[in-house]
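S.K.: Pasting in a structure now, in structure tokens, and then I'll have a few things to ask.
Taken together, the values in this text are just the output of simple stated rules run on the coordinates, not laboratory data. This is a predicted model, so every value here is computed, not measured. Reconstructed Cβ throughout: ideal geometry from the backbone, glycine too, with neighbour counts over all protein chains shown.
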Amino acid sequence: MWAACLTTFLWACSAVFAVRSARLLGGTEANFWRLTLALGLLGLWAVTAGHGLCNGAWTWFAWSGLVGIGLGDTAMFQALPRLGSRLTILLIACLTPPMAALMEWHFLGTHLGPAALGFGVWTLLGVGMALVPKKGTETHPQAVPGVLWALTSAFLGAVGAVLNRVAFTRSAALDMVPDGGTAAFLRVLGGYGVVVAAWRLAVAGRTRNPAGGVDSVSEVRRLRRQAIPWVLGNAIFGLVLGVSSYQWALSQLPAGVVLAITSLTPLTIIPLAWWMEGDRPTIRAVAGALVAVSGVVGLVLTW
């Protein structure tokens, strides 16, 4: 239980760090550096204090990471600078569980009754309330692509979550269930190649279309120096500690209980985003977040 609660707090902090690093470096580069740092730290844990890399279900963990972390987090980092941490995490955290539930129902035969479907609709209503702009205000021109990126991230995260459940099931059958840090390393390792490829494409694009001479190079270096603490915080809170804690929780508690607790991340992030980003939520946004989170809690408890 404590691991799931800790995951919620860690992911909320990570999202705020992610916004700062994405705005300084761009989503693709910020994601690359935080995964590179996290992979090194988690790998050190896995080969020293962890269970090592000999796991018969490692391919399932890797596929889960490729889809959920590699593709899903790449999409999330495109949404963060466009929507901010509060709305991005609200969309992803509240839409991933319903999508995962539908996938498990269809592909794995997990029972999904009328109550769960009703709570899924309730969740969507809450997300809609939180996203509708205040009357008389203009919608930010980046809002639409930001929402699309967030929806993509939620879908890919749902696929990754289902694959992660398969990975733990296969590990248990082989009596080789890894600890949280080792499982996190296997997932990050699976997604790393996608992030490297995206980063290389971005670098190649800047090389073909340089923005300027010495001034632009010095500006890039300055932004990278400013981004160091934010990338470091994002890597440690989001992947090293956050994903490890999440995997630990899944190894000890039913998935429904873990998802019910971690779905509180959008509420946890509201005061953090207000304090660190100046993103002051409207009453309707807070009410929408409460409705959406209550829908997710109801969904996973009736799953």
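S.K.: Filter the chain for me: DSSP H helices, axial length by Cα at least 18 angstrom, mean Kyte-Doolittle hydropathy not below -1.0. List them by residue number.
M.R.: Working: long enough: 2-25 (34 Å, 1.30); 27-48 (32 Å, 0.85); 72-103 (29 Å, 0.97); 114-131 (26 Å, 1.61); 143-173 (45 Å, 1.19); 180-208 (42 Å, 0.76); 214-234 (30 Å, -0.28); 283-301 (27 Å, 2.20).
Result, helices passing both filters: 2-25, 27-48, 72-103, 114-131, 143-173, 180-208, 214-234, 283-301.
S.K.: Just want the answer: with Cβ charges of +1 for Lys and Arg and -1 for Asp and Glu, which residue in Val297, Leu264, Met276 is farthest toward the dipole's positive end in the chain?
M.R.: Met276
S.K.: Mind checking which of Leu83, Leu174, Leu163 has the largest fluctuation in a GNM of the chain, springs on alpha carbons under 10 Å?
M.R.: Per the Cα network of the chain with a 10 Å cutoff, Leu174 tops the list.
S.K.: Now, a different point. Quick check on the exposure proxy: order Val188, Val16 from fewest to most C-beta atoms within 10 angstrom. Don't skip to the end; give the middle numbers.
M.R.: On the way: Val188 28, Val16 25.
In order of increasing Cβ crowding within 10 Å: Val16, Val188.
S.K.: Between Glu219 and Thr282, what's the calculated FRET efficiency when r is the beta-carbon distance and R0 is 41 Å? Round to 0.05.
M.R.: Result of the calculation: an efficiency of 0.70.
S.K.: Between Val166 and Ile228, what is 0.36 nm times their sequence separation minus the Cα-Cα distance? Round to one decimal in nm.
M.R.: Values: separation 62, 0.36 × 62 = 22.32 nm, distance 3.57 nm.
The Val166-Ile228 span can extend by a further 18.7 nm.
S.K.: Pairs of alpha-carbon atoms within less than 8 angstrom and 6+ residues apart define the contacts here; what relative contact order does the stretch 2-301 have, in percent?
M.R.: Over the stretch 2-301, the number comes to 41 percent.
S.K.: What's the center-to-center distance, using Cα atoms, between the stretch 1-65 and the stretch 86-124 in Å?
M.R.: Cα centroid of the stretch 1-65 versus Cα centroid of the stretch 86-124: 24 Å apart.
S.K.: Could you please rank Cys54, Cys5, placing first whichever residue has the fewest other Cβ atoms within 10 Å of its Cβ?
M.R.: Neighbour counts put them in this order, fewest first: Cys54, Cys5.
S.K.: So, one more: With labels modelled as points extended 7 Å from the Cα through the Cβ direction, what inter-label distance (nm, one decimal) is found for Val144 paired with Leu44?
M.R.: 4.6
S.K.: Let me ask something else about it. Report, in debye and to the nearest 20, how large the dipole of the chain comes out about its Cα centre when Lys and Arg carry +1 and Asp and Glu carry -1 on their Cβ.
M.R.: Using Cβ point charges on Lys, Arg, Asp and Glu, the chain gives about 680 debye.
S.K.: Go ahead and run the numbers for FRET between Leu290 and Leu108, Cβ-Cβ distance against an R0 of 41 Å, rounding to 0.05.
M.R.: So, using R0 = 41 Å, E works out to roughly 0.85.
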